[in-house]
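Some notes on the structure that comes next.
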């Protein structure tokens, strides 16, 4: 029952987003007249475009066809490239996957050791320093950090290319920018979930039984701390996709994020709505999967047993 | 309305001594926010900043300390406009918009949350589902989409920013209102025949205001970052208006020849977001101890 409810809610969220995009698109008026000026386009031409792009019939018919097309994976034509929107979007997916993957690696590489260190020393000077850096990292916008890195590593030291793509060197700065800003938040979560787990009574009990500290940490602290981390990580990775819009624009990285900005600038709605749907579907399914794996990680919740 | 996040007034209205006993970071944050607010509110009343005045003979002058003169303390940009004047004007735009947007989303979210808790049933279900949906799409993408569909306009931009974070207030207000409905004082007021709006406004809201205020101080820096990001990308504040984001966006082209054009707004954004975050963290810990 729980499982069914979760899935229903996920489906509802997707449907709500699809519908909102449709309503917003139609609220701006006739989409055909937004592209063509009726004064210098013949009525027949407008009519034939209307048929090609499926803008005929009542609003309800259009809505049903719209949902049907989306379900069939047809996202329409990109007005920027005059190619199917799906093709335009798909060729930008891989660079973003590379970027987000590398950034996630950096986020883990910073967040897990630093957060663990702070959790072991809660209340000490080390802990306070870690928290202070985390606050600073949180307040540092990615475009400021990115431009700072360009200024330092490209302009002054001439170590790395400041713009473009092609080699692994081009990936370093955008991945650092994205990874560091998210690591600031992630470190806090690692710290607080480990610190909470360390305070549990089962840890005291394990110590009383005379288990070694390493054993306690691996067998008792980590499993307890994993739960909140599993919840937050997909959210942070999703937030990276959104933050990529800024970072990719700063570094000229040809991924989805820059494509969003380009499609907004050119009002290429077919491309834009496809990205929105993709990101939303991705986030909703990941959240669903996280909800469902909960029961495996923590048998107490038992959401998976229906 | 208690949503105004400048809790510095509350801190100062006590003795100066207790203010000085706060952690140094919090004091510095209050001072920076206070300085920004007074620059933003007081200075432009009497002084004409002339932020868009072009002086082509004084192009790309460096700031004082890097070979510049006091006529332009932070240097000039590619058109010879004074960076300091532009910075103050940008700061004013960005802070006013962020403040307005925070108040908007706090009021909206709280209203939605209390309404959901009051009526329950399908209204509550719809609100919970809407909150779920909002959480599932990153807000940057929502605002980019809305800008693409409706075009860039100041009114739309402020409305979009005013939606940012509504779900946090809604969730919080709903949960706390539900909890308070079972409390003795609410039952007593109901028994005495007071109407619900009065109970919510005069009794429930003051009880949950501190938590909402902390949410606002945590959300405010994010609103600043969102506004500056969008303006940086060129889909937010449009010229001839200046905001910290679009100032940084223009300065980005001059990193090689005039780094100060980008560094000044970049540092301002960072310091504003940082100081409000520090104040927010501090406020949260104070309320947590109560």
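Here residue A:55 clears all of (1) within 14 Å of chain B (Cβ to nearest Cβ); (2) out of contact with any strand residue (DSSP E or B) (no Cβ under 6 Å at 6 or more places or on another chain) except the condition numbered (1).
For region B:171-189, the criterion of being at the interface with chain A (Cβ under 8 Å from one of its Cβ atoms), crowded, with 22+ Cβ neighbours inside 10 Å, assigned to a helix (DSSP H, G or I) and in contact (Cβ under 8 Å) with a residue 24 or more places away in the chain is met by no residue. The numbered conditions (1) away from chain A (no Cβ under 14 Å); (2) at pLDDT 85 or above are all true for residue B:56 except (2).
Sort through B:140, B:127, B:131, B:155 and tell me the only one that's assigned to a helix (DSSP H, G or I) and either at positive phi or surrounded by fewer than 17 Cβ atoms within 10 Å (Cβ to Cβ) (or both).
Working: B:140 fails: either at positive phi or surrounded by fewer than 17 Cβ atoms within 10 Å (Cβ to Cβ) (or both); B:127 fails: either at positive phi or surrounded by fewer than 17 Cβ atoms within 10 Å (Cβ to Cβ) (or both); B:131 fails: either at positive phi or surrounded by fewer than 17 Cβ atoms within 10 Å (Cβ to Cβ) (or both).
Only one candidate qualifies: B:155.
Would you call residue B:208 assigned to a loop (DSSP other than H, G, I, E, B) and more than 13 Å from chain A (Cβ to nearest Cβ)? So residue B:208 does not fit the description; no.
One line per residue, one yes/no per condition, for (1) part of a helix (DSSP H, G or I); (2) surrounded by fewer than 23 Cβ atoms within 10 Å (Cβ to Cβ):
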| residue | (1), (2) |
| --- | --- |
| B:201 | yes, yes |
| B:217 | yes, yes |
| B:226 | yes, no |
| B:240 | no, yes |
| B:246 | yes, no |
| B:267 | yes, yes |
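When region A:236-276 is filtered for residues that are surrounded by fewer than 18 Cβ atoms within 10 Å (Cβ to Cβ) and at the interface with chain B (Cβ under 10 Å from one of its Cβ atoms), the ones remaining, listed by number, are A:265, A:266, A:267.
The values are calculated or read from the model by the stated rules, or taken from the named source; none is laboratory data. Computed from a predicted model, the values in this text were never measured in an experiment. Don't worry about glycine lacking a Cβ; one is built from the backbone with ideal geometry, like all the others, and counts go over all protein chains shown.
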